[in-house]
Amino acid sequence: MISADDSFKIKLTKIYIENFKSLHNFELNLSKINVLVGPNGSGKTNVVESFIFLKEIFNYVSGKTVNPFFDWWGYDNIVWNNDENLPIKIGIEYEVDNGDKKEIACYEITVTGKGGRFQIIKDIFKMKLIRLESIQGEIYVYFDDHVIYSMKISTLARFKRVKNRVIRILPKIIEIDENVLYRVLEEDNILDVSPNHIIGLLSYYLKNIENVNTSIDHISNELANEIKYIIHKKLDNIIPANMIDLDEDTFPLKMRSRYDVEIPIDWKSFGMSLFSFYYLIDKMIILKRMNLENIKNPSRLERAETINLDSSNVLSVLFTIGKGTIPERIQNAVIYAFKKESIIQLVPTTDGRIYLEFKESISKKPFKPPSIPTGLFKLISIELSLCIASPLIIIDEIENSLHAQLIAYILDEFRNSNSIGLFTTHSPALIDIIDPSEIIILYKNIEGETDKQRYKDIEKIKNELNKLGITLSEYIYTKE
């Protein structure tokens, strides 16, 4: 189990998608609360499903699924215009705050499923001064010009102390001067790393810690050290360390790049930013229509740390996160929704399973799962997602089974959390209880692509609503 302290925060700031269903060239800046509205077929569900597809890609890399586009019955059903010759690209930009400093980083992946064969064409991770990029099954490290310049200065200072300008190295002679060094460092500014994709590299290093208690800080440091070691090892091959017939007077520093070539990168921030996109996708929670039949049946006592799309395992996650008890946050939400003294509890069965029991403040009688309101299960799923501290929580049609007053409570819970909320809705009641800045209007342009509109001048919109004497939902729907 990977744990994060309160100083570690990930904030998703932007998503961009190419060629996924109607999202031909779609980009969206995210705030704390993001509510997608628009007519049927405008692309709201496609935005949600693009994240599901991204999560399925990660599941594929970690061996949890055999085909990321299986649920859509083939790649041709998810690619723009059903054109299998087109790749799908999904990118995320995010901010990482480790308590000491903030870093902006970006991850982007391009895939294809032409002919029914899934393939990662390329993926890119980039942040200030350094970029990793997979190209044709190999990972390369690109340094910023500032880093290259600093490496030149650091290394040339050591070269100037070498007495002999030519050093014989089997099987060839390497002339040690500034021109050769510049060619070494400027040859595409890249160094090859393995394995073959960035998410594959992360999955490879993280697969052995899935059931081990460890911290994000520890993982980030280990990951950064591993990448740093590989980079230095590649530099060793470029700037040879196996000098022969040399003594300390001839070559006082021995030019072992693993120790002598300084790479001016904040490796702690690099490791944390690199791991953070994996953590963000792994911990991302997407809630669609609930599978009430599964939820209301007793669940097996098994460890689960993230909620399924249909909330079918919500009781297992509740038991895992609460260690058999109900977290205070969830009890408080239940009390708000069903008044004082209303409580829920997990009840064990004789065959080792658990089910939810609800005691209402009015009747005082315990309700068994078949009699529990559907909205309570949805409320638990949402509040449990906030307890997990998922960096991104996506809810399709958030208004289903929830009263507008309870939705307002939930939105305030999001605003006071570290989670970003992305919701779809058709509900005028929901639109009328949020700020216009939190609304994203989706529509189809004449080419059939999903496009968006976000209000920029919020005060102007509010003044216009007051002048017209209408609500925000009336304003939006009369313009559709």
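The values are calculated or read from the model by the stated rules, or taken from the named source; none is laboratory data. These figures come from a predicted structure and were not determined experimentally. Note that we place each Cβ from the backbone using ideal geometry, even for glycine, and neighbour counts take in every protein chain shown. Side chains included, ligands, DNA and RNA excluded: accessible areas come from the protein's heavy atoms. Shrake-Rupley method; radii C 1.70, N 1.55, O 1.52, S 1.80 Å.
You will find that of Gly99, Gly91, the residue that is at pLDDT below 95 and surrounded by fewer than 21 Cβ atoms within 10 Å (Cβ to Cβ) is Gly99 and no other. A search for C-beta distances below 8 Å between a residue of the stretch 49-62 that is within 15 Å of Tyr204 (Cβ to Cβ) and any residue that is part of a helix (DSSP H, G or I) and open to solvent by 30 Å² or more (accessible area, probe 1.4 Å), counting only pairs 6+ apart in sequence or on different chains, returns Phe58/Tyr278; Phe58/Asp282; Ser62/Lys207.
Residues in the stretch 430-460 that are modelled with pLDDT of 90 or more, in a loop (DSSP other than H, G, I, E, B) and either open to solvent by 60 Å² or more (accessible area, probe 1.4 Å) or among the polar types (S, T, N, Q) (or both): 6 in all. You will find that of Tyr60, Tyr140, the residue that is modelled with pLDDT under 95 and over 29 Å from Leu287 (Cα atoms) is Tyr140 and no other. Residues that are of a type in the set (Lys, Arg) and in a loop (DSSP other than H, G, I, E, B) do not occur anywhere in the stretch 461-470. Number of residues in the stretch 70-88 that are over 29 Å from Met127 (Cβ atoms) and surrounded by fewer than 21 Cβ atoms within 10 Å (Cβ to Cβ): the value is 13.
Name the residues in the stretch 327-346 that are open to solvent by 30 Å² or more (accessible area, probe 1.4 Å), out of contact with any Gly (no Cβ under 8 Å at 6 or more places or on another chain) and either part of a helix (DSSP H, G or I) or modelled with pLDDT of 90 or more (or both), would you? Residues satisfying the conditions are Glu328, Arg329, Gln331, Asn332, Ile335, Tyr336, Phe338, Gln345. The criterion of at least 2 residues that are within 17 Å of Thr13 (Cα to Cα) is met by the following strands (runs of 3 or more DSSP E) wholly inside the stretch 69-149: 88-97, 102-112, 119-127.
Report yes if Asp457 is among the charged types (D, E, K, R) and under 30 Å from Trp80 (Cβ atoms), otherwise no. Taking the combined requirement at face value, the residue does not satisfy it.
Can you name every residue in the stretch 384-400 that is surrounded by fewer than 21 Cβ atoms within 10 Å (Cβ to Cβ) and under 25 Å from Thr325 (Cα atoms)? Passing the criteria: Cys387, Ile388, Ala389.
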